[in-house]
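To keep things clear, I will list the structure first and then write my remarks on it.
The values are calculated or read from the model by the stated rules, or taken from the named source; none is laboratory data. Keep in mind it's a predicted model, so treat the numbers as computed, not measured. Here the Cβ positions follow ideal geometry from the backbone for every residue, glycine too, while neighbour counts run over all protein chains shown.
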Amino acid sequence: MYEFLPIIFFIITFLLILTGYPVAFTLGGIATIIGVWVFDIDFFYLLSLRIFGTMQNFVLLGVPLFIFMGMMLEKSGIAEKLLETMALLFGEFKGGLALSVIVVGALLAASTGIVGATVVTMGLISLPTMLKRGYKPTLAMGTIAASGTLGQIIPPSVVLILLASVLNVSVGALFLAAIVPGFSLIGMYMIYVIIFAHLYPKQAPAMPSKEITYFRSKGFSKEIIQSFLLPLLLVVLVLGTIIGGIASPTEAAGVGAMGVLILTAYKGKLNKKILTSVTKETLVLTSMVFMILIGATAFSLVFRGLQGDKLFLEIISKSHLSPNGFLILVMIMVFIAGFFIDFIEIIFIVVPIVTPVFISMDIDLVWIGILLAINLQTSFLTPPFGFALFYLRGVTPSEIKTKQLYIGILPFVIIQIIFLGLLILFPQLLKVFQ
């Protein structure tokens, strides 16, 4: 009975998460009950030490700072202006609006790493325009949802920070390794849109030439500098300090947070109302992440105390799976889990269990981290619990059906799966900046 207790513990926890009860309390509550039952009251002493050690992790300070950046870009209207400018910049091309959404999604991702803010902002601003211009609803919504999830792989990404913490690898190494895959994925999105617009020009039309001419006659160069180049400079500032070895990712997050404040002040948007709103939402999101982290810490402590990691290693060794076979099994497991639970739960529940096996098989954990990040990105797009779908559905007109949203994201999910396969076959793609 006790031999299979780790498996029973894992299954009970997973099933309770599926009921919709708050994940942090599910993880922490079940772990505490099992921990006290098995290890007696001394469990609380062990748990407090583990939580204190986790909260002292300097790397995790970057999480609230990057969240702050994302919220400030959204609330200050900088993201909205960026999207409007890029739409007119690409407007003369068929599919230009969709291309601009991808570019802006990438820029916001590289500035923040926050999916919700990006998807909602682009959904509110660009979706009505795209529908008005005659874009096919499935293409419009699929592009917005997929572009909004780019923050999961493009540095500085909160997902990469959390994965680095769990895998015990350098955040900087993960950021560097993610650059080529991240921008390659952007390229694949854009190629798909260009091909679609070429095949179905009436479903992805160019903007009227009169609007483009009017825009370019009204201080075109100044608008480009203020709306595009300054946010781009912020991204370069954050990533450049990391890549150049000038600052750690956490220090670079501080630079980014200060940079977005300066940029907002320069735009004349910095006031008490916006600052209060941004700091409150940052507090809420940060608290949610760290509450789940504390619950996951309790779960991990009990699971390892029950020798669950050793049992899992034993099962894998007896199955005689090759390293590639085990990797594919984990990727399938993470992909399926993404249909039902959030990426944070997957990172803190599944990844700590499989990491010792990857280490025993001498597999590069940085490579694993990038593969997991791209895989987790699909969890935002896959029904029934894809969070990007929830965010976008909340701001779409009532005449748009949920079915259209699901159809729209399907090509982008396929693109991500194909790209994940390419990264598994060609891991040297990560070595360009390493």
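Side notes on the structure shown:
- Looking only at segment 45-58, and only at residues there that are touching a residue at least 12 places away in the same chain (Cβ under 8 Å) and assigned to a helix (DSSP H, G or I), the one that is farthest from Ser165 (Cα to Cα): Leu46
- Unmet requirement for Gly394, which otherwise passes all of (1) at pLDDT below 85; (2) surrounded by 22 or more Cβ atoms within 10 Å (Cβ to Cβ): (2)
- Here Ile332 does not fit the description of being at pLDDT 75 or above, more than 24 Å from the chain's Cα centre (by Cα), surrounded by fewer than 16 Cβ atoms within 10 Å (Cβ to Cβ) and hydrophobic (A, V, I, L, M, F, W, C).
- The one condition in (1) buried (at least 16 other Cβ atoms within 10 Å of the Cβ); (2) within 30 Å of Ser165 (Cα to Cα); (3) not β-branched (Val, Ile, Thr) that Leu263 fails to fulfil: (2)
- Test: residue in segment 416-426 that is modelled with pLDDT under 85 and surrounded by fewer than 22 Cβ atoms within 10 Å (Cβ to Cβ): yes
- Selected residue [within 18 Å of Ile78 (Cβ to Cβ) and either in a loop (DSSP other than H, G, I, E, B) or touching a helix residue (DSSP H, G or I) at 6+ places or on another chain (Cβ under 9 Å) (or both)] from Leu285, Leu270, Leu293, Leu301: Leu270
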